[in-house]
Amino acid sequence: MTTLPALKWRHSVKHFSSKKVSKAQITDLTEAARFSVSSYGLQPYQVWVIENQILLEQLAKHAFDQPQLHECSHLIVFAHQTKIGDELVDQYFQHYYEQTGAEIGSLDGYSDHIKSAITAKSHQEQQNWAQQQAYIALGSLLTEAATQGIDTCPMTGFDVEAFNQLLGFDNQDLNTCVICAVGYRNDSLELPTKVRIPSQDFVQFLA
(Lines give C-alpha, C1' and ligand atoms only; values in the text may rest on other atoms or scores of the structure.)
Protein backbone atom coordinates (compact mmCIF):
# COMPACT_ATOMS: atom_id res chain seq x y z
CA MET A 1 0.00 0.00 0.00
CA THR A 2 1.29 3.45 -0.90
CA THR A 3 -0.25 6.90 -0.95
CA LEU A 4 2.47 8.48 -3.10
CA PRO A 5 0.56 8.46 -6.43
CA ALA A 6 -2.43 10.07 -4.71
CA LEU A 7 -0.28 12.73 -3.04
CA LYS A 8 1.40 13.54 -6.35
CA TRP A 9 -2.05 13.87 -7.94
CA ARG A 10 -3.58 16.17 -5.32
CA HIS A 11 -3.63 19.94 -5.55
CA SER A 12 -5.14 22.60 -3.35
CA VAL A 13 -8.01 23.27 -5.72
CA LYS A 14 -9.28 26.84 -5.92
CA HIS A 15 -12.33 26.18 -8.12
CA PHE A 16 -14.71 23.25 -7.80
CA SER A 17 -17.25 21.75 -10.17
CA SER A 18 -20.90 21.30 -9.20
CA LYS A 19 -20.41 17.56 -8.55
CA LYS A 20 -21.22 16.56 -4.98
CA VAL A 21 -19.15 14.30 -2.76
CA SER A 22 -21.27 11.40 -1.51
CA LYS A 23 -22.28 11.08 2.13
CA ALA A 24 -20.38 7.78 2.35
CA GLN A 25 -17.18 9.41 1.10
CA ILE A 26 -17.55 12.33 3.52
CA THR A 27 -17.86 9.74 6.28
CA ASP A 28 -14.62 8.13 5.06
CA LEU A 29 -12.86 11.49 5.28
CA THR A 30 -14.09 12.22 8.78
CA GLU A 31 -13.18 8.69 9.86
CA ALA A 32 -9.65 9.26 8.53
CA ALA A 33 -9.47 12.31 10.80
CA ARG A 34 -10.93 10.36 13.72
CA PHE A 35 -8.37 7.55 13.38
CA SER A 36 -5.49 9.97 12.92
CA VAL A 37 -2.47 10.19 15.19
CA SER A 38 -3.03 12.34 18.28
CA SER A 39 -0.80 13.10 21.26
CA TYR A 40 -1.70 10.70 24.09
CA GLY A 41 -4.72 9.76 21.95
CA LEU A 42 -6.64 12.67 23.49
CA GLN A 43 -7.97 14.23 20.24
CA PRO A 44 -8.59 17.73 21.65
CA TYR A 45 -10.62 18.82 18.60
CA GLN A 46 -13.86 18.22 16.73
CA VAL A 47 -14.68 17.99 13.04
CA TRP A 48 -17.73 19.81 11.69
CA VAL A 49 -19.09 19.17 8.18
CA ILE A 50 -21.04 22.00 6.54
CA GLU A 51 -23.15 21.50 3.43
CA ASN A 52 -25.84 24.15 3.96
CA GLN A 53 -25.37 26.64 1.14
CA ILE A 54 -26.78 29.60 3.05
CA LEU A 55 -24.34 29.03 5.89
CA LEU A 56 -21.48 28.55 3.43
CA GLU A 57 -22.28 31.91 1.85
CA GLN A 58 -22.33 33.55 5.28
CA LEU A 59 -18.98 32.01 6.18
CA ALA A 60 -17.50 33.02 2.82
CA LYS A 61 -18.02 36.67 3.71
CA HIS A 62 -15.58 36.15 6.57
CA ALA A 63 -13.06 34.28 4.41
CA PHE A 64 -12.37 37.08 1.92
CA ASP A 65 -15.11 35.65 -0.34
CA GLN A 66 -12.68 33.02 -1.58
CA PRO A 67 -14.36 30.93 -4.32
CA GLN A 68 -13.68 27.63 -2.56
CA LEU A 69 -16.39 28.33 0.02
CA HIS A 70 -18.90 29.31 -2.64
CA GLU A 71 -18.21 26.33 -4.90
CA CYS A 72 -17.23 23.41 -2.65
CA SER A 73 -19.42 20.37 -2.08
CA HIS A 74 -18.75 20.46 1.67
CA LEU A 75 -16.69 22.55 4.04
CA ILE A 76 -14.93 20.71 6.84
CA VAL A 77 -14.12 22.77 9.92
CA PHE A 78 -11.56 21.67 12.49
CA ALA A 79 -12.25 23.22 15.88
CA HIS A 80 -9.95 22.64 18.83
CA GLN A 81 -11.09 22.66 22.42
CA THR A 82 -10.26 25.77 24.43
CA LYS A 83 -10.51 24.15 27.87
CA ILE A 84 -7.64 21.69 28.12
CA GLY A 85 -7.32 19.90 31.43
CA ASP A 86 -8.25 16.94 33.61
CA GLU A 87 -11.73 16.56 32.08
CA LEU A 88 -10.24 15.90 28.64
CA VAL A 89 -7.95 13.21 30.07
CA ASP A 90 -10.74 11.61 32.10
CA GLN A 91 -12.93 11.46 29.02
CA TYR A 92 -10.20 9.65 27.10
CA PHE A 93 -9.70 7.02 29.80
CA GLN A 94 -13.44 6.50 30.09
CA HIS A 95 -13.46 5.65 26.37
CA TYR A 96 -10.35 3.52 26.86
CA TYR A 97 -11.88 1.34 29.55
CA GLU A 98 -15.17 1.03 27.64
CA GLN A 99 -13.53 0.07 24.35
CA THR A 100 -10.74 -2.20 25.60
CA GLY A 101 -12.39 -3.90 28.56
CA ALA A 102 -9.40 -3.05 30.74
CA GLU A 103 -9.97 -2.83 34.49
CA ILE A 104 -11.22 0.61 35.45
CA GLY A 105 -8.49 2.53 37.25
CA SER A 106 -5.70 0.22 36.07
CA LEU A 107 -4.03 3.14 34.27
CA ASP A 108 -4.50 5.80 36.91
CA GLY A 109 -0.75 6.36 37.09
CA TYR A 110 -0.53 7.05 33.37
CA SER A 111 -3.60 9.27 33.57
CA ASP A 112 -2.00 11.35 36.34
CA HIS A 113 1.18 11.64 34.25
CA ILE A 114 -0.75 13.06 31.29
CA LYS A 115 -2.64 15.47 33.53
CA SER A 116 0.64 16.72 35.01
CA ALA A 117 2.16 17.19 31.55
CA ILE A 118 -0.83 19.23 30.37
CA THR A 119 -1.04 21.27 33.57
CA ALA A 120 2.62 22.20 33.17
CA LYS A 121 1.78 24.02 29.93
CA SER A 122 0.63 27.63 29.94
CA HIS A 123 -2.85 28.36 28.58
CA GLN A 124 -1.39 29.51 25.27
CA GLU A 125 0.83 26.44 25.04
CA GLN A 126 -2.24 24.26 25.61
CA GLN A 127 -4.07 26.05 22.78
CA ASN A 128 -1.08 25.68 20.46
CA TRP A 129 -0.80 21.98 21.32
CA ALA A 130 -4.50 21.35 20.64
CA GLN A 131 -4.25 23.22 17.35
CA GLN A 132 -1.23 21.15 16.30
CA GLN A 133 -3.18 17.94 16.93
CA ALA A 134 -6.00 19.17 14.70
CA TYR A 135 -3.51 19.85 11.90
CA ILE A 136 -2.27 16.27 12.11
CA ALA A 137 -5.85 15.05 11.71
CA LEU A 138 -6.27 17.39 8.75
CA GLY A 139 -3.27 15.73 7.09
CA SER A 140 -4.90 12.32 7.46
CA LEU A 141 -8.11 13.65 5.94
CA LEU A 142 -6.27 15.20 3.00
CA THR A 143 -4.46 11.94 2.29
CA GLU A 144 -7.66 9.88 2.41
CA ALA A 145 -9.36 12.36 0.08
CA ALA A 146 -6.50 12.11 -2.40
CA THR A 147 -6.60 8.29 -2.41
CA GLN A 148 -10.31 8.50 -3.30
CA GLY A 149 -9.82 11.11 -6.01
CA ILE A 150 -11.56 13.80 -3.99
CA ASP A 151 -10.20 17.32 -4.20
CA THR A 152 -9.50 19.49 -1.19
CA CYS A 153 -8.20 22.90 -0.24
CA PRO A 154 -7.10 23.49 3.37
CA MET A 155 -7.41 27.14 4.36
CA THR A 156 -6.46 29.45 7.22
CA GLY A 157 -7.47 32.73 5.58
CA PHE A 158 -10.60 33.56 7.54
CA ASP A 159 -11.87 35.57 10.50
CA VAL A 160 -11.70 33.12 13.39
CA GLU A 161 -13.98 35.10 15.69
CA ALA A 162 -16.65 35.47 13.00
CA PHE A 163 -16.55 31.74 12.24
CA ASN A 164 -16.82 30.93 15.94
CA GLN A 165 -19.84 33.17 16.29
CA LEU A 166 -21.64 31.85 13.21
CA LEU A 167 -21.03 28.24 14.20
CA GLY A 168 -21.90 28.76 17.85
CA PHE A 169 -18.47 27.68 19.04
CA ASP A 170 -18.17 30.38 21.69
CA ASN A 171 -20.79 28.57 23.78
CA GLN A 172 -19.13 25.18 23.28
CA ASP A 173 -15.56 26.00 24.31
CA LEU A 174 -14.36 25.47 20.74
CA ASN A 175 -12.20 27.55 18.43
CA THR A 176 -11.93 27.29 14.66
CA CYS A 177 -8.32 26.55 13.73
CA VAL A 178 -8.39 25.41 10.08
CA ILE A 179 -11.00 24.74 7.41
CA CYS A 180 -10.95 22.49 4.35
CA ALA A 181 -13.08 22.85 1.23
CA VAL A 182 -13.98 19.49 -0.33
CA GLY A 183 -15.28 18.68 -3.80
CA TYR A 184 -14.13 17.89 -7.33
CA ARG A 185 -11.87 20.00 -9.48
CA ASN A 186 -13.28 22.02 -12.34
CA ASP A 187 -11.77 20.20 -15.33
CA SER A 188 -12.17 23.29 -17.53
CA LEU A 189 -9.42 24.98 -15.53
CA GLU A 190 -5.79 23.94 -15.91
CA LEU A 191 -4.04 23.18 -12.64
CA PRO A 192 -0.55 24.61 -12.16
CA THR A 193 2.51 22.40 -12.09
CA LYS A 194 3.15 21.13 -8.57
CA VAL A 195 6.38 22.69 -7.27
CA ARG A 196 8.29 21.12 -4.39
CA ILE A 197 11.78 21.36 -2.91
CA PRO A 198 14.08 18.87 -4.72
CA SER A 199 14.59 15.62 -2.79
CA GLN A 200 18.33 16.14 -2.36
CA ASP A 201 17.68 19.49 -0.65
CA PHE A 202 14.68 18.32 1.35
CA VAL A 203 15.97 15.10 2.91
CA GLN A 204 19.24 14.74 4.80
CA PHE A 205 20.51 11.31 5.88
CA LEU A 206 22.75 10.82 8.88
CA ALA A 207 24.30 7.34 8.87
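Observations on the structure shown:
- The one condition in (1) open to solvent by 10 Å² or more (accessible area, probe 1.4 Å); (2) of a type in the set (A, V, I, L, M, F, W, C); (3) within 23 Å of Asn128 (Cβ to Cβ) that Phe35 fails to fulfil: (3)
- Lone unmet requirement of (1) open to solvent by less than 70 Å² (accessible area, probe 1.4 Å); (2) farther than 30 Å from Gln124 by Cβ; (3) without any contact (Cβ under 8 Å) to a residue 60 or more places away in the chain for Lys23: (1)
- Residues that are over 17 Å from Thr143 (Cβ atoms) and touching a strand residue (DSSP E or B) at 6+ places or on another chain (Cβ under 9 Å), drawn from the range 19-34: Lys19, Lys20
- Residue within the range 139-161 that is more than 25 Å from Gln81 (Cα to Cα) and in contact with a His (Cβ under 9 Å, 6 or more places away or on another chain) present: yes
- Some residue of the range 2-15 being free of Cβ contacts under 8 Å to residues at least 24 places away in the same chain, closer than 30 Å to Leu189 by Cα and not in a helix (DSSP H, G or I): yes
- Neighbours by Cβ (under 9 Å, 6+ apart or cross-chain): first from the range 192-207, closer than 17 Å to Ser12 by Cβ; second loosely packed, with under 10 Cβ neighbours inside 10 Å and not aliphatic (A, V, I, L, M): Arg196/Phe202
- Identity of the residue in the range 187-207, hydrophobic (A, V, I, L, M, F, W, C) and assigned to a loop (DSSP other than H, G, I, E, B), that ends up farthest from the chain's Cα centre (by Cα): Ala207
- Any hit, the range 148-168, residues being in contact with a helix residue (DSSP H, G or I) (Cβ under 7 Å, 6 or more places away or on another chain), open to solvent by less than 70 Å² (accessible area, probe 1.4 Å), more than 23 Å from Gln53 (Cα to Cα) and of a type outside the set (Asp, Glu): yes
- Enumeration of residues in the range 149-164 that are free of Cβ contacts under 8 Å to residues at least 24 places away in the same chain and among the hydroxyl-bearing types (Ser, Thr, Tyr): Thr156
- Filtered residues of the range 35-51 (kept if under 17 Å from Leu142 (Cβ atoms) and touching a residue at least 40 places away in the same chain (Cβ under 8 Å)): Phe35, Ser36, Val37, Ser38, Tyr45, Val47, Trp48
- Test: residue in the range 189-200 that is open to solvent by less than 10 Å² (accessible area, probe 1.4 Å) and closer than 20 Å to Pro67 by Cα: no
The values are calculated or read from the model by the stated rules, or taken from the named source; none is laboratory data. Keep in mind the model is a prediction, meaning the values are calculated, not measured. As a convention, Cβ positions derive from the backbone with ideal geometry for all residues, glycine included, and neighbour counts pool all protein chains shown. Surface areas here come from the heavy atoms of the whole protein model, side chains and all, with no ligands, DNA or RNA. Shrake-Rupley method; radii C 1.70, N 1.55, O 1.52, S 1.80 Å.
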